[in-house]
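Have a look at the structure below before the remarks.
The values are calculated or read from the model by the stated rules, or taken from the named source; none is laboratory data. Computed from a predicted structure; not experimentally measured. Cβ atoms come from the backbone with ideal geometry, glycine included; neighbour counts cover every protein chain shown. The accessibility values were calculated without ligands, DNA or RNA, using every heavy atom of the protein model including side chains. Shrake-Rupley method; radii C 1.70, N 1.55, O 1.52, S 1.80 Å.
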Amino acid sequence: MDASGPVEQGVEATKGSPLIDPFGRRISYVRVSVTDRCDFRCVYCMSEHMTFLPKADVLTLEELDRICSAFVRHGVRKLRITGGEPLVRRGITSLFRAMSRHIDSGALDELALTTNGSQLAVYAGELRDCGVRRVNVSVDTLDADKFRKITRIGDLDKVKAGLEAARRVGLQVKINVVALKGVNEDELDHMVGWCGDRGFDMTVIEVMPMGDIGGEDRFDQYLPLSEVERRLGERWSLEKIDYRSGGPARYVRVGETGRKLGFITPLTHNFCEGCNRVRLTCTGTLYMCLGQSDAADLRAPVRASGNDDLLDAAIVEAITRKPKGHDFVIDRDHRAPAVGRHMSVTGG
Ligand code: SAM
């Protein structure tokens, strides 16, 4: 007699099945926020005084391994570790080391990192040993005083030392720059050249209306990238290219430097139609869309059982709820956040 009843057969069917959402998009990319804590307090990302999560709510590194591995089993080809600041989480390199087994087995194409760079001088070599090849480093200005003002705490020299260490060990670096009206808009042109001189690609990002940021006003910060691209095009020859990184950026090549320049434009050009991503928070909440509130809890199934059947079923069910897209708007009438959580929760 067949021992497996309908329930077991149902769970069996979810194991390792590819993740296709209701709009036919295949989910192949997971961004994992491993901590909500950060050693910076960027003005567009956090308020000055943040309350961080109690440790008991946060997934252990072993639980993160189980969830990431479940996604890999379901055909996810790219993992990006982010935060908060991922490199401030104690023992984080053990997660990278654990994930490198999926690179070695060929199940995973890419293990990437988004960081503010403050700890990169310490970790660059180890990250490279763990199979990391590309790092995104967030640098919004090359002016040390302005850097301190934007991050409220950060030391630009430390970040520059981190970038140098990354370059030395052979990590490919992409600089992420959030375009901020009246703050760094006059510098973007110079930053394109600075990145080019160092062999870094660069991506400019529109500020997104996520989370309460204290006294700051989104409308005052928001700079549409259509305008940024027009201005950069007056100084640099920007050649259209087909390159996709698997993320939301649209790229051009800067003729004079040969480096790629990306634009992430959730407001001026919604990037949802090709979305292949979901985002896991450090508490095990899975957001199927950066700009919507619907979510699935993966911590309960992980903690309920030592085997992964419940987890597999929860992942498959969550993908059936992936929405078509977000509705970010920033204008005079829309100054409040579109979603209440900060980018540091969902992971940028
Ligand atoms: N600490 C890491 C870092 O600084 O890159 C990873 C987390 S951070 C939340 C990821 C990215 O999100 C950074 O490039 C940051 O500039 C960006 N970010 C944060 N809040 C944002 C917002 N409201 N709009 C657009 N980008 C934002």
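Which residue is surrounded by the most Cβ atoms within 10 Å (Cβ to Cβ), if the candidates are limited to segment 21-53 and must be among the charged types (D, E, K, R) and in contact with a helix residue (DSSP H, G or I) (Cβ under 7 Å, 6 or more places away or on another chain)?
We begin by selecting, within segment 21-53, every residue among the charged types (D, E, K, R); these are 21, 25-26, 31, 36-37, 39, 41, 48.
Going one step further and asking which of them are in contact with a helix residue (DSSP H, G or I) (Cβ under 7 Å, 6 or more places away or on another chain), we end up with 21, 36-37, 39, 41.
Working: ASP21: 19, ASP36: 24, ARG37: 17, ASP39: 16, ARG41: 19.
The qualifying residue surrounded by the most Cβ atoms within 10 Å (Cβ to Cβ) is ASP36.
For ILE150, the conditions (1) in a loop (DSSP other than H, G, I, E, B); (2) open to solvent by less than 30 Å² (accessible area, probe 1.4 Å) all hold with the exception of (1). Test ALA112 against the stated conditions and say whether it is within 22 Å of GLU164 (Cα to Cα), more than 10 Å from the ligand (Cβ to nearest atom), open to solvent by less than 20 Å² (accessible area, probe 1.4 Å) and within 16 Å of the chain's Cα centre (by Cα). When the stated conditions are applied, ALA112 passes them. Looking only at segment 236-250, residues that are within 17 Å of the chain's Cα centre (by Cα) and either at pLDDT 95 or above or open to solvent by 60 Å² or more (accessible area, probe 1.4 Å) (or both) come to 2 in all.
Condition test on LEU286, is it over 21 Å from the mean Cα position of the chain (by Cα), buried (at least 19 other Cβ atoms within 10 Å of the Cβ) and at pLDDT 90 or above?
no
Filtering segment 185-209 to residues that are touching a strand residue (DSSP E or B) at 6+ places or on another chain (Cβ under 7 Å) and either under 18 Å from ALA144 (Cα atoms) or loosely packed, with under 15 Cβ neighbours inside 10 Å (or both) leaves GLU185, LEU188, MET191, VAL192, CYS195. The set of residues in segment 166-189 that are among the aliphatic types (A, V, I, L, M), away from the ligand (no atom under 13 Å from the Cβ) and within 15 Å of LEU232 (Cα to Cα) contains only LEU188.
Could you list, in sequence order, all residues of segment 63-93 that are in a loop (DSSP other than H, G, I, E, B) and farther than 15 Å from VAL30 by Cα? Hits for segment 63-93 are GLY84, GLU85, ARG89, ARG90, GLY91. In the condition set (1) open to solvent by 30 Å² or more (accessible area, probe 1.4 Å); (2) over 16 Å from VAL88 (Cα atoms); (3) assigned to a loop (DSSP other than H, G, I, E, B), ALA56 is compliant with all but (3). When only residues in segment 116-137 that are in a loop (DSSP other than H, G, I, E, B) and more than 14 Å from the ligand (Cβ to nearest atom) count, which is farthest from PHE96 (Cα to Cα)? Within segment 116-137, the match that is farthest from PHE96 (Cα to Cα) is ARG133. Within the set VAL88, VAL122, the sole residue that is closer than 23 Å to VAL178 by Cβ and either among the aromatic types (Phe, Trp, Tyr) or surrounded by fewer than 19 Cβ atoms within 10 Å (Cβ to Cβ) (or both) turns out to be VAL88.
With respect to the stated conditions, ALA338 is modelled with pLDDT under 95 and open to solvent by 20 Å² or more (accessible area, probe 1.4 Å). Across segment 222-235, a minimum of one residue is classified as open to solvent by less than 40 Å² (accessible area, probe 1.4 Å), within 13 Å of the ligand (Cβ to nearest atom) and either under 20 Å from LYS149 (Cβ atoms) or modelled with pLDDT under 90 (or both).
Filtered by the rule that a residue be among the aliphatic types (A, V, I, L, M), farther than 24 Å from ARG250 by Cβ and either part of a loop (DSSP other than H, G, I, E, B) or more than 22 Å from the chain's Cα centre (by Cα) (or both), segment 162-202 gives a lone residue, VAL169. Of all residues in segment 293-315, those that are open to solvent by 80 Å² or more (accessible area, probe 1.4 Å) have Cβ atoms under 9 Å from Cβ atoms of residues that are of a type in the set (Asp, Glu), 6 or more apart or on another chain, in ARG303/GLU63.
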